[in-house]
Amino acid sequence: MLSILVMARFGPWTLLRVEDLLSDKSKWEHCERCDEHIRYVHVCQVDGEFKEWRIGSTCGPTLIQVSDEIWDEAAKIAARNLKLLHRALRLKPLEQQPNSWGVTRLGADWVDKIIDSLKAGQTDKYTLQKGQVARHNDLRAIQARLRLAEKFHALHAYKMGTGR
């Protein structure tokens, strides 16, 4: 038997309908997840798949809730990383020019490392401790470095458009 969490990770789930098999127990079915004898069948489907799962009233709502939580968080992370990627791409040409970031010129290497980390989806969420050297895949370091570079180059806050 698959756990709800494992099933939810297959992809975003959709509740297609709820079927009442009436009070005649001979028409009741078995949940495809836990094999419980069920009257109310929650017909669910993974987005993009053809198979419909016939799941009970215990498993169905829980599966939809867990799926929504997982995939909503994944969408937020993807949107955040996309925005950071666009900010880094906007800074790259400016960082390739000679600048006066301090005593030494930083160059565009740090931007390339951030871009590579974001494209690969390899950003660690807030792993740096106070006093550590910033890493190119640490989310807090990426956000801080991009913010400082945008301020240095007098760039306005980056806003994602509607695509028009």
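The values are calculated or read from the model by the stated rules, or taken from the named source; none is laboratory data. Predicted model only: the values in this text are computed from it and were never measured. Glycine also receives a Cβ, built like all others from the backbone with ideal geometry; neighbour counts cover every protein chain displayed. These accessible areas exclude ligands, DNA and RNA; they are computed on the full protein's heavy atoms, side chains included. Shrake-Rupley method; radii C 1.70, N 1.55, O 1.52, S 1.80 Å.
Just a few scattered comments:
- Residue count for region 97-116, restricted to those that are surrounded by 14 or more Cβ atoms within 10 Å (Cβ to Cβ) and at pLDDT 75 or above: 6
- Any hit, region 27-41, residues being under 30 Å from ARG140 (Cβ atoms) and open to solvent by 80 Å² or more (accessible area, probe 1.4 Å): no
- Only a single criterion out of (1) at pLDDT below 85; (2) in a helix (DSSP H, G or I) is not satisfied by LEU128, namely (2).
- Residues in region 63-77 that are open to solvent by less than 60 Å² (accessible area, probe 1.4 Å) and out of contact with any strand residue (DSSP E or B) (no Cβ under 7 Å at 6 or more places or on another chain): 4 in all.
- Members of region 42-57 that are modelled with pLDDT under 90 and surrounded by 12 or more Cβ atoms within 10 Å (Cβ to Cβ): SER57
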